[in-house]
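What follows is calculated from the coordinates using simple rules that are stated; it is not laboratory data. Predicted model, so just to flag it, every value in this text is computed and none were measured. Note that we place each Cβ from the backbone using ideal geometry, even for glycine, and neighbour counts take in every protein chain shown.
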Amino acid sequence: MAARRVTSFEAFHRLVPSIVKRLSEDRDFMVRAMANPVLAIAELGFELTPEVAREVERRARFSDAARTRLASIEGKLFEAAGERFDPESDEDLQRVLFVRLKLPRPSGLVSLAPPPARPLDGPRIVVKENTPGGRKGGKTARRRFDARRAESASPTDPLEQLRGRHAVVDLLLQHRAISLRSPRLASRAGYDAVKANPRGVPVARVVVHLPDHTEHDDGRNARI
């Protein structure tokens, strides 16, 4: 059966209630959708255009304010570079900075890939787990992890070696200051690993506080 092509975010938003229904019915599917909602949507038989997939990813990762700020930076970034590219792609960055803009490559620099994300603005997750002890052979302990209180220490950004060399570099560093607060979606390999062993994810209940997006409300209070 051919995948149903979704060519606009408005069309995707109308599908949200049925997607949410499927998530509520299948715990394992919910777990892998948390890892990468774009791949989970494809698994349901929908083909998102690159533009729609990017918008879905942005809404899954960032708040309204962060998305607005990133869009503003990207407008200036693409104008300064003279082309559009993926600011989070090592391959694109190498091509733009060292081939198109002809910046000198720092000695020993192998990759411009960003360091691991610093989830300072991430979701709050509540995990329930059984622990030994108690009168009835065990008790339930609740542990709350607030990603916004995670340690902010991270490896040095390789782009720092190029700071001040070109307006594009400085804009990229501004972009990363925002984008690194939220991890990218899982790769295909990571998604498939979760799919193969969903019970290996030690989460009994997850409470995720998402921003309220109502600009395309279809009257059923669907959220993304």
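Say the dipole of the stretch 1-93 comes from +1 at the beta carbon of Lys and Arg and -1 at that of Asp and Glu; which of Met30, Ser8, Phe62 then lies farthest toward its positive end?
Met30
Label-point separation (nm) for Ala11 and Ser89, each offset 7 Å from Cα along Cα-to-Cβ?
2.3 nm
When a/c is below 1.5 the answer is rounded, else prolate if a/b is larger than b/c, else oblate, so apply that to the stretch 156-198 with a ≥ b ≥ c taken from the square roots of the Cα gyration tensor eigenvalues. Numbers along the way, then the final one.
Numbers: a/c = 4.22, a/b = 3.38, b/c = 1.25.
Here the stretch 156-198 falls in the prolate category.
Among Val16, Val31, what is the fewest-to-most ranking by other Cβ atoms within 10 Å? Please list the in-between numbers first.
Working: Val16 16, Val31 20.
Ascending Cβ contact count within 10 Å gives the list Val16, Val31.
By average Cβ neighbour count within 10 Å, what is the ranking of 95-106, 48-59 from highest down? Could the numbers behind the result be given before it?
Numbers: 95-106: 14.2, 48-59: 16.6.
Ranked from most to least packed, the peptides come out as 48-59, 95-106.
Explain nothing, just the number: dipole magnitude of the stretch 1-93 about its Cα centre with +1 on each Lys and Arg Cβ and -1 on each Asp and Glu Cβ, in debye rounded to the nearest 20. Mind dumping the intermediate values first?
Values: 15 positive and 18 negative charges, 110 e Å.
Dipole of the stretch 1-93, to the nearest 20 debye: 520 debye.
Ala196 versus Thr49, label points 7 Å from Cα toward the beta carbon: distance in nm?
3.5 nm
What is the order of Arg61, Arg188, fewest Cβ neighbours within 10 Å to most? Don't skip to the end; give the middle numbers.
Working: Arg61 20, Arg188 9.
Final ranking by Cβ density, sparse to dense: Arg188, Arg61.
If amide hydrogens are placed 1.01 Å from N in the peptide plane, which non-local residues have theirs closer than 5 Å to the one on Phe46?
For Phe46, whose amide H was placed from the backbone, the distant partners under 5 Å are Arg4.
What does the C-alpha gyration tensor say about the overall shape of the stretch 1-68? Classify as rounded when a/c is under 1.5, otherwise prolate if a/b is larger than b/c, or oblate.
On the way: a/c = 1.82, a/b = 1.19, b/c = 1.53.
Since a/c reaches 1.5 but b/c is at least a/b, the shape of the stretch 1-68 is classed as oblate.
What does the charge add up to near Asp170, with Lys and Arg as +1, Asp and Glu as -1, over the other residues with Cβ less than 13 Å from its Cβ?
Working: positive: Lys76, Arg163, Arg165, Arg176; negative: Asp157, Glu160.
So the environment of Asp170 carries a net charge of +2.
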